[in-house]
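Comments concern the structure below.
The values are calculated or read from the model by the stated rules, or taken from the named source; none is laboratory data. None of the values given here were measured: they were computed from a predicted structure. Neighbour counts run over all protein chains shown; Cβ positions are idealised from the backbone, glycine included. Heads up: the accessible areas ignore ligands, DNA and RNA and are worked out on the full protein's heavy atoms, side chains in. Shrake-Rupley method; radii C 1.70, N 1.55, O 1.52, S 1.80 Å.
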Amino acid sequence: MQALIQPLGELAEYEEIQKKKREGAGVLQISGCVNSQKSHMMYALGDGCKYKVIACSSESKARQVYEEYRFLDEAVFLYPAKDFLFYQADIRSKEILKQRLAVVQAILSGEPLTVVTSFDAFMDGLPRKQRVAEAAIYMENGGALDIQDIARRLAEAGYEREVQVDHLGQFAIRGGILDIYPLTEEQPVRIELW
């Protein structure tokens, strides 16, 4: 992707922006870019930064920037705002939660990434990264597991206990079988306890 950034280096304005960026922390306000140039400019200015956040004025603008930016950087995630339209809440809430958790999971991995979001989503309060990592439930093959403790922790995390797992965010316990449909996976998981 350096081929996309290289022509910008020939512009005096771009060099001035890079100089200001190196001066230290703070806000850089840039204006004058036409819409087709904005994603390209954001990508170029983010070069060398491990974590980048692009906050847009609206949810639709965030989706548009995400679609454009993902052609430049494959480690880009869309962090949507919570759904406050109650007639759509049941339909979309699990999908929105899945998208949001995918971003949190990517952040916890420690890999470089770019997050595109709206100001509404950006303002949502989230627990600290360390607290989220501590709340994660880890299981390993051959390990010991307290089924009642797992059920309590899954319920605290917002999972619904059901007789049978059919949808995201559900879990079921039948004898020595624990079924979980993680919000970050495409398929449910079955754990058999011996």
Looking only at the stretch 53-68, decide whether some residue is over 15 Å from LEU113 (Cβ atoms), part of a loop (DSSP other than H, G, I, E, B) and open to solvent by less than 80 Å² (accessible area, probe 1.4 Å).
yes
Check LYS38, LYS82 and return the single one that is surrounded by 10 or more Cβ atoms within 10 Å (Cβ to Cβ), closer than 30 Å to HIS167 by Cα and at pLDDT below 85.
LYS82
Just to be sure I understand the filter: pairs with C-beta atoms under 7 Å, separated by 6 or more residues or on different chains, first member in the stretch 143-172 and touching a residue at least 60 places away in the same chain (Cβ under 8 Å), second member open to solvent by 50 Å² or more (accessible area, probe 1.4 Å) and in a strand (DSSP E or B). Which pairs pass?
GLY169/GLU160
Here the residues within the stretch 1-34 that are open to solvent by 100 Å² or more (accessible area, probe 1.4 Å) and either under 26 Å from the mean Cα position of the chain (by Cα) or at pLDDT below 75 (or both) are MET1, GLN2, ALA25, VAL27, GLN29
Cβ-Cβ below 9 Å, separation at least six or inter-chain, first residue in the stretch 20-34 and among the basic types (Lys, Arg), second modelled with pLDDT of 80 or more: which pairs?
LYS21/LEU45
In a helix (DSSP H, G or I), closer than 30 Å to GLY48 by Cα and of a type in the set (A, V, I, L, M, F, W, C): does that describe ALA106?
yes
Considering only residues that are within 20 Å of LEU108 (Cα to Cα) and of a type outside the set (A, V, I, L, M), look in the stretch 131-155 and name the one that is surrounded by the fewest Cβ atoms within 10 Å (Cβ to Cβ).
TYR138
Condition broken by VAL163, with the remaining ones in (1) open to solvent by 90 Å² or more (accessible area, probe 1.4 Å); (2) in a strand (DSSP E or B) satisfied:
(2)
Can you find a residue that is in contact with a Lys or Arg (Cβ under 7 Å, 6 or more places away or on another chain), without any contact (Cβ under 8 Å) to a residue 24 or more places away in the chain, open to solvent by less than 40 Å² (accessible area, probe 1.4 Å) and among the charged types (D, E, K, R) anywhere in the stretch 173-182?
yes
